[in-house]
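The values are calculated or read from the model by the stated rules, or taken from the named source; none is laboratory data. Here the structure is a predicted model, which means the values were calculated and not measured. Quick reminder, even Gly has a Cβ in these numbers, built from the backbone with ideal geometry, and neighbours come from all protein chains shown.
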Amino acid sequence: MTATLFDLTFLLIAPFWVLMIFAPKWSWTKKIAESYLIILPPVAIYVALMIPVLPELIPLVTRPELAPLAEFMSTDTGAALVWAHMIAWDLFVGRWMYLEGRRLNVHPLVMAPVLVITILLAPVGLPLFLIVRKVCDATNRGAAVVTGQ
């Protein structure tokens, strides 16, 4: 069951990323992304994986130590739990970035690579977006980043 939940974690949220990257101006994309409900699939998987190991997990997160945490994360359940956590957080951050990019009218050709980097390496994608956001906010000309207008 753990392997199935691991596999489902990304599959259930991939459509949201596809919409934000490949159909950012479609009216339904914005409506869907505005809903916090899109992060529920990985959160539900996280909870399903967490409940059976909660007694083991609580000490790991309240008194973190590298060796015990590494040992837990090296198990199938530990890896799947961390994966669901990362996927939920990445989507939450990516969703905010998408909505903020639309608000600032950042060109889709700028946002698409930033969102792809966020899917793959969120700790790099977020500061990259913050730079884009700062540039667009400072000039209040989001589309000008690409068009030069």
Within region 1-14, residues at pLDDT 95 or above and either loosely packed, with under 12 Cβ neighbours inside 10 Å or over 13 Å from the mean Cα position of the chain (by Cα) (or both) come out as T2, A3, T4, L5, F6, D7, L8, L11
Quick one: which residue in A88, A122, A48 is touching a Pro at 6+ places or on another chain (Cβ under 6 Å) and part of a helix (DSSP H, G or I)?
A88
All positions within region 15-26 that are assigned to a helix (DSSP H, G or I) and either surrounded by fewer than 11 Cβ atoms within 10 Å (Cβ to Cβ) or β-branched (V, I, T) (or both)
V18, I21
Examine region 76-85 for a residue that is of a type in the set (D, E), surrounded by fewer than 18 Cβ atoms within 10 Å (Cβ to Cβ) and either in contact (Cβ under 8 Å) with a residue 40 or more places away in the chain or in contact with a helix residue (DSSP H, G or I) (Cβ under 7 Å, 6 or more places away or on another chain) (or both), and state whether such a residue exists.
yes
How many of the residues making up region 123-139 are in contact (Cβ under 8 Å) with a residue 24 or more places away in the chain and over 23 Å from L91 (Cβ atoms)?
1
Can you name the residue in region 27-44 that is assigned to a helix (DSSP H, G or I) and of a type outside the set (A, V, I, L, M) and is also farthest from F6 (Cα to Cα) among such residues?
S27
Quick one: count up the residues across region 96-126 that are among the aliphatic types (A, V, I, L, M) and farther than 17 Å from K25 by Cβ.
8
Of those in region 27-69 that are surrounded by fewer than 14 Cβ atoms within 10 Å (Cβ to Cβ) and of a type in the set (S, T, N, Q), the residue nearest to T118 (Cα to Cα) is S35
Number of the condition not met by G101 [criteria: (1) out of contact with any helix residue (DSSP H, G or I) (no Cβ under 9 Å at 6 or more places or on another chain); (2) over 21 Å from L8 (Cβ atoms)]
(1)
Is there any pair with a first residue in region 24-49 that is of a type in the set (S, T, N, Q) and a second that is part of a helix (DSSP H, G or I) and crowded, with 16+ Cβ neighbours inside 10 Å whose Cβ atoms are under 6 Å apart and which are 6 or more apart or on different chains, and what are they?
T29/L19
